[in-house]
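Take a look at the structure below.
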Amino acid sequence: MRKLAALMLLTLVLAAEAYACSCRPVDLQRDLPKADGAIIGTVLERSVSGQTATYRFRVEQIYKGDVETRAEVVTPAGGAACGLELAVGDRVGLLLERDGGAWRSGLCSQVDPADFLALTNVEDNALPPINWGGIVVGALVLGAGTFFLIRKARSYRRLR
């Protein structure tokens, strides 16, 4: 028992400092008014330089701020420092902070895109449903037009 206690004490003494990101969950009604920008976007690329990472996003929806359709967002490089941890192709909602000419965000400002859509009543940029009635009517109109055009062409040939 003493060996176990000594081992536990030794482990605590020799343990290195641990870093972890700690933040409260995003509440869009509380946090959106404080943000300089808010977007839904898809990660196009990620580059790391030292302790910072830069993500390039294809912006699908802009909810707040003057954000371009291709936006660069600077964040700490690791999740332990509250940096974004996204892969290329990930779709995410972000609250952004303007820092000079750069947009900044982090793990604590990451939002599920569905939460943005529910709060703002803005429709998603997903493909609209297929209008089968319009397709059927269009096909019938094209078919009837083709039929009458061929019939008219035959009547002109007979007159020659």
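Every read-out reported here was derived from the displayed coordinates using simple, explicitly stated rules and does not represent laboratory data. This one's a predicted model, so the numbers in the text were calculated from it and none came from an experiment. Note: ideal-geometry Cβ built from the backbone for every residue, glycine included; neighbour counts use all protein chains shown.
Think of each Lys and Arg Cβ as +1 and each Asp and Glu Cβ as -1; about the Cα centre, that makes the dipole of the range 27-159 roughly 1480 debye. The gain in end-to-end length when the D36 to L142 segment is fully stretched comes to 33.1 nm, 0.36 nm per residue minus the alpha carbon separation.
Peptide packing: for 109-117, 133-141, the average count of neighbouring Cβ atoms within 10 Å per residue gives the ranking 109-117, 133-141, highest mean first. Remark on the range 17-160: Rg and Dmax equal 25.4, 97 Å (Cα only).
Between A114 and E72, the distance separating the two model label sites (each 7 Å from Cα on the Cα→Cβ line) works out to 3.4 nm. Here the spin labels are modelled as points 7 Å beyond Cα on the Cα-Cβ line, and at D27 and E85 they lie 2.6 nm apart.
Taken about its Cα centre, the range 49-95 carries a charge dipole of roughly 60 debye when the Cβ of each Lys and Arg holds +1 and the Cβ of each Asp and Glu holds -1.
In the range 42-160, taking the dipole from charged Cβ atoms about the Cα centre, the farthest positive-side position among F147, G50, A114 is held by F147.
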